[in-house]
1. Among the residues of the range 23-34, which ones are open to solvent by 40 Å² or more (accessible area, probe 1.4 Å) and within 16 Å of Met96 (Cα to Cα)?
2. Identify the single condition in (1) loosely packed, with under 14 Cβ neighbours inside 10 Å; (2) under 12 Å from the mean Cα position of the chain (by Cα); (3) assigned to a helix (DSSP H, G or I) that Leu105 does not satisfy, given that it satisfies every other one.
3. Mind checking whether some residue in the range 47-62 is within 15 Å of Met96 (Cβ to Cβ), not polar (S, T, N, Q) and not in a helix (DSSP H, G or I)?
4. Those residues that are part of a helix (DSSP H, G or I), at pLDDT 90 or above, over 20 Å from Leu74 (Cβ atoms) and not basic (Lys, Arg), I need them from the range 109-141; list them, please.
5. For the range 72-84, give me each residue that is surrounded by fewer than 18 Cβ atoms within 10 Å (Cβ to Cβ) and either touching a strand residue (DSSP E or B) at 6+ places or on another chain (Cβ under 7 Å) or not in a loop (DSSP other than H, G, I, E, B) (or both).
6. Could you check, for the range 86-99, whether at least one of its residues is aromatic (Phe, Trp, Tyr) and under 10 Å from the mean Cα position of the chain (by Cα)?
7. Could you list, in sequence order, the residues of the range 108-130 that are surrounded by 15 or more Cβ atoms within 10 Å (Cβ to Cβ) and touching a residue at least 40 places away in the same chain (Cβ under 8 Å)?
Amino acid sequence: VIFSHSSAKAICNVPRNVPDMQAALQRAKAVLDPLELYPRPVRIDRVRIVIAPWLFRLPLMRHFSGYATWRTILLRQPSDQDDSLIVHELCHVWQMQHHPVRMPLSYLRGYATNVFEAQARAAAGHPPATELSSAATRRRR
């Protein structure tokens, strides 16, 4: 299936002025700002959340629930219950605001031991990726 930019935008884009998405960004910012991980607080004025279930059907994206670019947070599905995924992805946006090249390139060296991933997991209250992979290994045995 081929998506043109305009058709993909019409299918999955959540407008920036949707109150729930803006409120979720504000809540996530409120979690991140006190952490003072970087000299300047995270800027959310140009950040938007896009619900894009089709993206997470791609083979390389199947194991993710969210993905961040410099100004966009892509989610598999909306979350009404828990903002932790938005906090995690907004932390990646914040990291890219301070390290726009180094942060994305750091993933070429691996995921589980990536310092930016560990920082985002900690900010969102998630266990480190190494703990998750250890738990998955124990379940397989």
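The values are calculated or read from the model by the stated rules, or taken from the named source; none is laboratory data. On a predicted model such as this, the values are computed, not experimentally measured, just so you know. Backbone-built Cβ (ideal geometry, glycine too); neighbour counts: all protein chains shown. In case anyone asks, the SASA skips ligands and DNA or RNA and just uses the protein heavy atoms, side chains included. Shrake-Rupley method; radii C 1.70, N 1.55, O 1.52, S 1.80 Å.
1. The answer is Lys29, Asp33.
2. Of everything listed in (1) loosely packed, with under 14 Cβ neighbours inside 10 Å; (2) under 12 Å from the mean Cα position of the chain (by Cα); (3) assigned to a helix (DSSP H, G or I), Leu105 misses just condition (2).
3. Step one: list which residues in the range 47-62 are within 15 Å of Met96 (Cβ to Cβ), which gives 47-48.
Of the ones still in play, those that are also not polar (S, T, N, Q) are 47-48.
Those still in the list that are not in a helix (DSSP H, G or I) too: 47-48.
Yes, the range 47-62 contains at least one residue that is within 15 Å of Met96 (Cβ to Cβ), not polar (S, T, N, Q) and not in a helix (DSSP H, G or I).
4. Hits for the range 109-141 are Val115, Ala118, Ala122.
5. If the condition is that a residue be surrounded by fewer than 18 Cβ atoms within 10 Å (Cβ to Cβ) and either touching a strand residue (DSSP E or B) at 6+ places or on another chain (Cβ under 7 Å) or not in a loop (DSSP other than H, G, I, E, B) (or both), then Thr72, Gln77, Pro78, Ser84 are the ones that fit.
6. Within the range 86-99, none of the residues are aromatic (Phe, Trp, Tyr) and under 10 Å from the mean Cα position of the chain (by Cα).
7. Across the range 108-130, the qualifying residues are Gln119, Ala123, Ala124, His126.
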